[in-house]
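Report on the structure given below.
The numbers here are math on the coordinates, done by the rules we state, and not lab data. It should be emphasised that the depicted structure is a prediction, and the values quoted were computed from it without experimental measurement. Every residue, glycine as well, gets a Cβ built from its backbone with ideal geometry; the counts of neighbours run over all protein chains shown.
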Amino acid sequence: MKLQQLRTIPDVVEFYGDEQYDITQIVTHSAQAGPEALFVAIPGSTADGHAFLQDAYQAGTRAFVTQHPFCRPGVANLVVRDTRKALAHLAARLYGYPSARVGLIGITGTNGKTTTAFLTESILHAAGTPTGLISTVVYRFGTEQREADRTTPDPVRLQSLLREMADAGSRYIVMEVSSHGLHQHRVDGCAFDVAVFTNLTPEHLDYHGTMEEYFHCKERFFTEVLPASSKPHTTAIINCDDPYGAPLIERVKGRCITYGSTHGDVYATRAALSLDGIHADIITPRGTVSIRSPLVGRFNLYNILAACAIATACTIPLEAIRQGIAQLCGVPGRMERVENDAGIAVFVDYAHTGDALAQVLETLKQAGAERIITVFGCGGDRDRQKRPVMGAVAARYSTCVILTSDNPRREDPHAIISEIEPGVQQQGYTKINAEALSTDRTGFYAIVPDRRSAITAAIRAARAGDVVLIAGKGHETYQEVHGMRTHFDDREVAREAFAQCSGGCFYNSRRERRGTTGF
């Protein structure tokens with residue numbers, strides 16, 4: 001592609017050099033630079049791409065996009081106001097605007113994005129519609145399935161994925177849109193048909209600073225990105241039960257579908273929730289559909305309502321909605337059960353905010369759980385304000401709590417735990433040794449920094465009829481410590497703990513206490 005063809009992107013300030021320069025790829029790292037690459041200098045949080053312009057030049061690159069002129073012999077230089085925004089539009093142009101060829105559905109919000117995306121994909125499949133999925137858990141389309149490296153990929157990876165999915169025959173693509181992705185303009189240049197807002201609770205405040213700024217990032221999806229879509233008819237879908245939903249509805253221009261538990265354009269009646277699943281009648285503008293879902297919890301009822309609203313916007317038949325919801329048995333790391341024969345209900349969940357953790361624990365309580373052991377930690381190099389909040393939430397709903405590591409990253413795990421601990425103590429919990437933990441005693445917590453040991457300690461402390469919640473990492477198959485990732489899967493570790501205990505230390509000491517459980 002000639003550089004001249006890329007000059008049509010927004011906010012170009014100046015251009016120097018040869019417009020006929022051939023471009024085959026876009027790069028943002030000097031290590032990827034080469035003669036046919038377009039190097040885009042991105043100002044980052046730790047390094048500025050403008051500092052590596054000379055390195056890219058020496059590697060043979062002669063085409064650059066910068067925020068200030070880069071003058072060298074033979075260089076073609078596109079100067080723009082914002083290179084992050086330019087990158088998104090350049091990538092879309094290079095890959096031929098693939099989102100214009102499909103129905104593109106974007107889902108944003110603090111919680112519920114992944115499950116809503118999975119539900120929507122399942123409904124579209126039930127309708128016989130080839131669908132691509134870009135989620136926190138996986139990227140997939142057709143027979144292709146790839147591990148996701150981030151919720152919303154960088155613009156070049158995103159446009160490449162959209163192009164692959166469109167070329168493979170996907171008629172719809174469902175994707176999660178993160179606040180980071182919106183703030184960093186990753187989805188600019190995408191032609192969305194539907195934009196969904198699930199909810200907003202404190203998260204990523206280490207990045208956004210305040211809830212107001214966090215909301216503004218989400219709002220941008222509906223007030224800037226969606227209106228800029230090349231699609232003739234677009235739809236905003238908003239949770240009207242969320243406190244941030246009302247102001248968002250007021251600022252949306254064009255078609256808007258609202259959903260809520262008992263009101264809105266899409267809502268539920270005769271809802272019955274248990275750990276066996278959800279039964280409800282969903283009222284939509286196109287009729288009523290009776291659904292049965294194996295997913296559990298009121299938060300998943302909201303996810304189902306969001307998916308039904310999306311299906312309504314896409315004119316999917318009610319029968320396909322019913323089938324699609326019924327067919328989705330679960331989402332990796334979202335209230336995922338770890339089967340065992342000890343009569344203990346073990347769940348692994350991605351809950352890593354105070355609100356998400358409260359919703360999961362409330363669900364377990366409402367389903368009849370009397371004794372809950374909660375194992376969790378908080379990620380390093382992330383929002384520190386939520387740490388004591390999560391500690392207080394865990395103690396409020398649990399019989400006993402084990403504080404451990406999540407992904408400490410470059411922080412000291414003990415320092416992270418020390419910031420969670422005041423929240424637990426605020427609820428009147430007393431610190432004891434992990435070996436002394438038992439659900440026969442309420443109001444105690446233990447600190448076990450090694451996550452594997454913490455999960456094992458929880459399972460050893462549990463007895464038949466108890467619930468063990470392992471929260472925070474969910475579907476993740478790694479743990480990041482000191483900047484290094486090693487394999488770690490909460491589900492695998494829990495199964496290993498049961499296997500280790502089956503030799504006698506667990507089963508022989510508790511066999512007489514086993515009974516039936518509703519979980």
- Message: From the phi angles alone, apply the Karplus equation (6.51, -1.76, 1.60; θ = phi - 60°) to the range 21-32 and give each ³J(HN,Hα) in whole Hz, x where the residue is Gly or Pro.
- Response: 4, 7, 10, 10, 8, 10, 10, 10, 10, 4, 5, 9
- Paired Rg and Dmax values of the chain, which use every Cα atom, in angstrom: 24.7, 83
- As computed over the range 46-101, the Cα convex hull volume per residue (Å³): 105 Å³
- Query: Of 414, 263, 357, which is farthest along the charge dipole of the chain in the positive direction, counting Lys and Arg as +1 and Asp and Glu as -1 at C-beta?
  - Reply: 263
- Task: Take the alpha carbon gyration tensor of the range 3-93, find the square roots of its eigenvalues, order them as a ≥ b ≥ c, and report rounded if a/c is under 1.5; if not, report prolate when a/b exceeds b/c, else oblate.
- Result: rounded
- Message: If you average the alpha carbon positions of the range 12-70 and of the range 211-276, how far apart do those two centres end up, in angstrom?
- Response: 38 Å
- Task: Step through the residues of the range 246-256 one at a time and calculate ³J(HN,Hα) from phi using the Karplus curve (6.51 cos²θ - 1.76 cosθ + 1.60, θ = phi - 60°), rounding each to whole Hz and writing x for Gly and Pro.
- Result: 4, x, 5, 4, 5, 9, 7, 10, x, 5, 9
- Query: Where the centroid of each part is defined by its Cα atoms, how far is the range 358-383 from the range 149-168 in Å?
  - Reply: 33 Å
- Query: List the trypsin sites (Lys or Arg not before Pro) in the range 34-96 that DSSP assigns to loop (not H, G, I, E or B) and whose Cβ has at most 11 other Cβ atoms within 10 Å. Which are they?
  - Reply: 81
- Item | All lysines inside 30 Å of residue 473 as judged from Cα atoms, apart from same-chain residues fewer than 8 positions distant | 113, 218, 365, 386, 431
- Taking placed amide H atoms and a strict 5 Å upper bound, the residues 5 or more places from residue 238 or on another chain that come that close are 197, 257, 258, 259
- Note on the structure: On the formula 1/(1 + (r/R0)^6), with r taken between the Cβ atoms of residue 54 and residue 22 and R0 of 35 Å, the FRET efficiency rounded to 0.05 is 0.95
- With -39,500 (n - 2.57) per DSSP H segment of 4 or more residues and division by the full residue count of the chain, the 222 nm estimate, nearest 500 deg cm²/dmol, is -9500 deg cm²/dmol
- Task: Would you list which lysines come within 17 Å of residue 231, measuring only between C-alpha atoms, while excluding same-chain residues fewer than 8 positions from it?
- Result: 253
- In terms of the Cα gyration tensor, with a ≥ b ≥ c the square roots of its eigenvalues, is the range 415-496 rounded because a/c is under 1.5, prolate because a/b exceeds b/c, or oblate? oblate
- Hey, what do the phi angles of the range 222-234 turn into as Karplus ³J(HN,Hα) couplings, whole Hz, using 6.51/-1.76/1.60 and θ = phi - 60°, x for Gly and Pro? 9, 9, 10, 5, 4, x, 7, 4, 7, 6, x, 10, 10
- Query: Among rounded, prolate and oblate, which fits the range 30-143 when a ≥ b ≥ c are the square roots of the eigenvalues of its C-alpha gyration tensor, a/c under 1.5 means rounded, and a/b larger than b/c means prolate?
  - Reply: prolate
- Query: Dimensions of the range 97-327 along principal axes (Cα, Å, largest first)?
  - Reply: 44, 41, 34
- Query: Taking H as built 1.01 Å from N, whose amide H comes closer than 5 Å to the amide H of residue 65, not counting residues under 5 places away?
  - Reply: 39, 40, 41, 78
- In nm, to one decimal, how far is the modelled label at residue 1 from the one at residue 365, with both set 7 Å along Cα→Cβ? 5.3 nm
- Once you put a point 7 Å from the Cα of residue 263 and another 7 Å from the Cα of residue 14, both along the Cβ direction, what distance in nm separates them? 5.7 nm
- Query: Computed FRET efficiency, Cβ-Cβ of residue 440 and residue 206, R0 56 Å: what is it to the nearest 0.05?
  - Reply: 0.90
- Taking N as its residue count, the alpha carbon Rg of the range 213-367 over 2.2 N^0.38 Å: 1.14
- Angle between the Cα long axis of helix 354-366 and the longest principal axis of the chain, 0 to 90 degrees, nearest 10? 40 degrees
- Task: Divide, for the range 336-513, the radius of gyration over alpha carbons by 2.2 N^0.38 Å, where N is the residue count.
- Result: 0.95
- Task: Assign unit charges at the C-beta atoms only (+1 for Lys and Arg, -1 for Asp and Glu), then state the dipole size of the chain relative to its Cα centre in Debye, rounded to the nearest 20.
- Result: 720 debye
- Query: Say each of residue 150 and residue 384 gets a label point 7 Å from the Cα, pointing the same way as Cα to Cβ; how far apart are those two points in nm?
  - Reply: 2.4 nm
- Normalising by the residue count of the chain, find the relative contact order in percent from Cα pairs under 8 Å and 6+ residues apart. 10 percent
- Task: Can you tell me the relative contact order of the range 87-238? Whole percent, Cα pairs under 8 Å, sequence separation 6 or more.
- Result: 32 percent
- Message: For a quick check: with amide H placed at 1.01 Å from N, whose amide H comes under 5 Å from residue 25's, ignoring anything fewer than 5 positions away on the same chain?
- Response: 38
- Task: Sort 30, 405, 453, 290 so the one with the fewest other Cβ atoms within 10 Å of its own Cβ comes first.
- Result: 290, 453, 30, 405
